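**Student:** Take this structure first; my questions come after.
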Amino acid sequence: MEYNSSRENLAIPEYGRHVQNLVNYAKTIEDDDFRQAFIERILDLMMQMHPQNKIMDDYKEKLWKHLFRIANYELNVKVPGGHIPTKEEAEKKPEKIPYPASEARYRHYGNNVQRLIKKALEMEAGPVRDGFVATIGSYMKLAYRTWNKEHYVSDETIKSDLETLSGGILTLDDDATIDNLTSANRSNSRRKKMSGSGHNGNGSNNYQGRSSRNNSNYKGRRRKP
């Protein structure tokens, strides 16, 4: 009796030993046409074993890569598209993505605040940058509240942290209220909803006007005695 411990290790266990034996046999076929047809039949078998792969993008390309991996990349066949999978490609590791570094003291604001401040420092001084800085302050206050919902944060704290993070270049006026920006957006949103629902500028809708016109038309159509 032959045990699995004495057999060849499976390159991809999901396809089983029979598929691996068929691939090993295909490597011994000398006729190119017969070998090509035999490998394509193995590919169909692999597809039937895992039909859920059909919903994946480029699933046939992935099956060809699995097939060459099972064959230890020692297979002389024609691949659709002409690209032969190689062992070097399979062993290639993706480049490491550098973790965004931020100051530990202001980590609760997140790395996006650091990027926004850097963008603001590259802008020319003027109304546009002032509005952008006000938006940064509003975002900083929102991030602070998300990080610590139970702790109250004042506008003075946000202004001080903004000035420190920007090296003293970006500042907000002492009398500026950071929540005004968010409140203004909410007011504009409510006004747009009111105008879209049929309300006019006086706070009444157009229903009364339509109703009065309908009543006048109805009176005009009344039959004379």
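The values are calculated or read from the model by the stated rules, or taken from the named source; none is laboratory data. The structure presented is a predicted model; accordingly, all values stated were derived computationally and were not measured. Glycine also receives a Cβ, built like all others from the backbone with ideal geometry; neighbour counts cover every protein chain displayed.
**Student:** Looking at Leu75, Leu67 in this structure, which one is touching a residue at least 40 places away in the same chain (Cβ under 8 Å), in contact with a Lys or Arg (Cβ under 7 Å, 6 or more places away or on another chain), within 30 Å of Asp31 (Cα to Cα) and surrounded by 13 or more Cβ atoms within 10 Å (Cβ to Cβ)?
**Tutor:** Residue meeting the stated conditions: Leu75.
**Student:** For the range 158-181, enumerate the residues that are surrounded by 13 or more Cβ atoms within 10 Å (Cβ to Cβ), at pLDDT below 85 and not in a loop (DSSP other than H, G, I, E, B).
**Tutor:** Leu181
**Student:** OK, next. Kindly indicate whether Gln114 is in the same structural domain as Ile39 (by TED's automatic domain parsing), within 25 Å of the chain's Cα centre (by Cα) and either part of a helix (DSSP H, G or I) or without any contact (Cβ under 8 Å) to a residue 12 or more places away in the chain (or both). Spell out the reasoning first.
**Tutor:** Values: in the same structural domain as Ile39 (by TED's automatic domain parsing): no; within 25 Å of the chain's Cα centre (by Cα): yes; either part of a helix (DSSP H, G or I) or without any contact (Cβ under 8 Å) to a residue 12 or more places away in the chain (or both): yes.
In short, no.
**Student:** Let me ask another. Which of the following residues is at pLDDT 90 or above and in contact with a helix residue (DSSP H, G or I) (Cβ under 6 Å, 6 or more places away or on another chain): Ile12, Ile29?
**Tutor:** Ile29
**Student:** Go over the candidates Ser138, Ser102 one by one and state the one that is within 25 Å of the chain's Cα centre (by Cα) and either within 30 Å of Arg41 (Cα to Cα) or modelled with pLDDT of 85 or more (or both).
**Tutor:** The conditions single out Ser138.
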